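Below: one structure, written as structure tokens.
The values are calculated or read from the model by the stated rules, or taken from the named source; none is laboratory data. Since this is a predicted model, take the numbers as computed values, not measurements. As a convention, Cβ positions derive from the backbone with ideal geometry for all residues, glycine included, and neighbour counts pool all protein chains shown. Please note that ligands, DNA and RNA were not included when accessible areas were found on the heavy atoms of the full protein model with its side chains. Shrake-Rupley method; radii C 1.70, N 1.55, O 1.52, S 1.80 Å.
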Amino acid sequence: IIDTAIRISSLKNTYDKFDNLVRSENFFIDINDKIKKEKIKTTVYYQNSKQKEKEFTTFLLADDLLIGDYKIFHENGKVQVSGKLFDPYEVGINKYVGNLKDGEWKWYDNNGNLEYTEKYKVQVVYWDNGNIKFIYSLFFDDSKNVWLKHGRFYRYDSDGFPSSDVLIYKWGVLEDED
């Protein structure tokens, strides 16, 4: 059954030399997105198994930038990690930004019991002229009751062009730039 919000345009399966399914890629456009461009939902399988290892979504032309729902599975099929990554197309931002955790993320043990959760949100900051200045993810530190920059930090000039580098923050601290 295909979700009515999604139009599948094609499917690509990859097999190993023993004819085991290694990965499955669904190319689609989400008709609920404000910007309707093709994405790829990928399922990767454990070696020599029909068990899913992980599921994620990327842009068609930037497959290293994860967006949307994200899951990793234990070998027994139980979910290990579940969360969502910011998808700019959903909210009408036509930028290739990815790997930004957004919302509640959950980690589970092998039996499916919740071990812990983390909260994230994405911040979009605009220049006075309306162009995007920054897009970055924040982590909520429960112990200090404060939001901290964590992960990728995308920067744009006032004309909307991206900076040549992406900054990385860990728990509120900027990592060394190379």
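Considering the stretch 17-41, the residues that are outside any strand (DSSP E or B) and hydrophobic (A, V, I, L, M, F, W, C) include one that is farthest from residue 85 (Cα to Cα), namely 18.
From the list 91, 44, the one residue that fits, being farther than 29 Å from residue 124 by Cα and either at pLDDT 95 or above or charged (D, E, K, R) (or both), is 44.
Selection of first residues in the stretch 117-133 that are at pLDDT below 95 and of second residues that are of a type in the set (A, V, I, L, M, F, W, C), restricted to Cβ pairs under 7 Å at least 6 apart or on distinct chains, gives an empty result. Note on the stretch 42-53: residues that are within 18 Å of residue 26 (Cα to Cα) and either assigned to a strand (DSSP E or B) or open to solvent by 60 Å² or more (accessible area, probe 1.4 Å) (or both) total 7.
Determine, yes or no, whether residue 128 is charged (D, E, K, R), open to solvent by 80 Å² or more (accessible area, probe 1.4 Å) and more than 30 Å from residue 45 (Cα to Cα). Yes. Taking the condition of being more than 16 Å from residue 152 (Cβ to Cβ), open to solvent by 20 Å² or more (accessible area, probe 1.4 Å) and either in a strand (DSSP E or B) or touching a residue at least 60 places away in the same chain (Cβ under 8 Å) (or both), how many residues in the stretch 54-72 meet it? Final tally of qualifying residues: 5.
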